[in-house]
Structures are given as structure tokens and as C-alpha cells.
Amino acid sequence: MRILYAETSAYAPSSAHFLEAFEAMAARGALKFAFLDEAKYLRARPSIAYRIARRVTGRPPGYRALNVALVAGARRLRPDLVLVGKGAWYSPAALREVRESTGAVMVNWATDDPFNPANGSHDLAESIRLYDLYVCTRRAAMADVERAGCRNVAYVRFGYKPEVHFPQSPATAEEERRFGCDVVFIGGCDRDRAPYFEALVRALPEIRLNLFGGYWGEVPALARYWRGVAVGRDFRLAIGGAKIAINLVRRANRDDHVMRTFEVPACGGFMLTERTPAHEEIFGEDREAAFFSSPGEMAAKVRDWLARDEARRAVAAAGHRKVTTSHNTYADRLAEILDLSRPLMKERAALGPTAHAVL
């Protein structure tokens, strides 16, 4: 099997999600793959000039080069399957050319809601019908994807990387001071997220709170708790240094869970997370994670769990076992996607070299 995998490494080491799994499979001789890294063409944290260029043209600098690289990579590899992670800036014309020139089965791994204007694009919405399979990480988007023209839509959750997400002990006293706290949250300051932490600091003025991610410094009540960003080792230390790790979904994305749903327990953290159907399916309440449904309830739960050290450690250990023993790695998620794709590849092969023209 030959696979062209296109995603960004801009948020390494968490992304590209399946890169290590593909490398391990290739080393075993299970497949041949090529990786198209969007980060070589598109900037994850754009400059002012970059934003101006995108506003003027409607597309980011590097857009044309990225699409040329996609087509060239597909023609070179002649893949059986093309797996695109999100793919906001692949043009319908480029995807159609890949499909028609190679006959590959086209699969999208939708890491964001494709209909969220903050994360999507016109190209992304127009391209949905060109994919043979759309793998959604949130159930709420599935019906809209079907209406947009993709005949095969599946739900596959996020996961974690064992190479990246594991309990990490601080190596120095400075690390203990930097990351030690009562409560941590790692993620951007969305408009609907700030009220949770504003309620928390009102209810518990002495709380030791660490906020990692963009824009927290712009919220007056929370600016003093902003600690920059935390990725890789710092992510593990931030989770391990906190008594409680808050997990919030992103409403604009219609999330029912997020990457941190698995990453926090994998790093050994006690997770206090928003109550959603997916979280209730994955974790036993107050046994493997704790839940809340409002800013006030979150603050009350923080107060309660901070006073229960032994029970909190037991829940964290149980959550770690649940995530790490229940097939939640990205290698497991890739296996799910490939299992969903194989019937489509078999169907394509049975129809012969002109299949791309008739499916």
C-alpha cells in the first residue's frame, strides 16, 4: 500500500498526528508513505505582513506552492490513498487533479470543524465532495459534511502520542517553581473560555493558577496568570505540576472532546473537564475524571477536589490507566482510518484504472 500523508508539523510534537505511526509501519515494511508537511509552505503563527497578504488575496502566501507540491507528490508516489489532515488550503482543482491522475482514494482527517469560519476556508468547504471519506473528530459536523456532498462520513476521536504524552517529573527546583500550581489550563483564550477562569479567581482569590496559550494576557482579570506557551516537555511538566488540569472544549468547533481529553490523563494529570456526551462515554465520573457544566460549578469542583489529595491522586491514576490501556494512541486512530478506507480502496481497484472518473 502506498499512502501520501499531508498535514502540518507546525504544532510539533503533537502534530502531525500520524507521522510516527506511519514511520513505524514503513519500518516494518507494512506500507510505503510520503509526508507532505504544510509547515514548509504555510506559517502557523503569521506575521502582520502575512495577515495583510491573506486579507488582500483571500489565501495565505505559499498557497500555490503547497498545491503544486501536493500534485507533484501524488504523481511521484502514485498512492493508493491520500490522507489529508484538515487541508484548509488545498484547492479543489489540486485535489481533483490528484484524484484523476492517480485514482487514489481521498480521505480527510478533519481536526477542526470544516464549517467553523475561524478555522476553515472556502476551499475547504468546496472540497468536501471530492473526498471519498471524511473522518470527523466531532459528531456535530457529520450531517453537515454529508449534506456538503461526501457520501462516507465517520467519527474517529483524537488520541495521544506515547512518545510525547507521559508523566514527567521536574529535573530542577526552577522547574518545580515554574510549573507548580493548584490549577492549570493549556489552550487559547477563546471569548467563551475566559469566564470560567474569571469565576475561578473570584471564588478562590488565592488560587495558584497557570494559564498557557494565546491571548490570556489580554484579559485584565487573568493577565497575571498567563505563563506563555507549553509544548513537549513543558506541556508534560505543566500537567504534572498542577493539582488539577482543566479541560475545555471549543464551542466554535462544536467539540464533544479535544486533544487534551486524552493528553492530560496520558501525562498523569487529574482532569476536571466539561461535561459532554463523549467525555461521559470515555470516563467514569469521579473515578477517572471529574466533570462540570458551568463556570460556577467548575469553581466549586476545584475547591472540593483541592481539599482531597488522596482521592484526586486515585482519580488521576485511574484516568491514566483508562487512556493508556484502551487503544487511544494515534497509531490506534490511524488503524481505524485505514480500516474504514480499505473497502473504498478495494472498490476502487475492482473498477480499474478509470475508477476515479466514475466514482
Cα gyration tensor shape of segment 263-331, rounded if a/c is under 1.5, else prolate or oblate by comparing a/b with b/c: oblate
Relative contact order of the chain, defined on C-alpha pairs under 8 angstrom at six or more residues apart (%): 15
Helical contribution to [θ] at 222 nm, DSSP H n ≥ 4, -39,500 (n - 2.57), averaged over the chain, rounded to 500: -12000 deg cm²/dmol
Cα centroid of segment 284-339 to Cα centroid of segment 109-152, whole Å: 28
Percent of alpha-carbon pairs separated by more than 28 Å within segment 173-324: 10
Nonlocal amide H pairs with Lys86, under 5 Å, H built at 1.01 Å: Trp109, Ala110, Thr111
For segment 92-244, fraction of C-alpha pairs farther apart than 19 Å, in %: 65
Sorted largest first, extent of segment 52-155 alpha carbons per principal axis (Å): 38, 34, 18
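No lab work stands behind these numbers, since they all come straight from the coordinates. All values derive from a computational prediction rather than experimental measurement.
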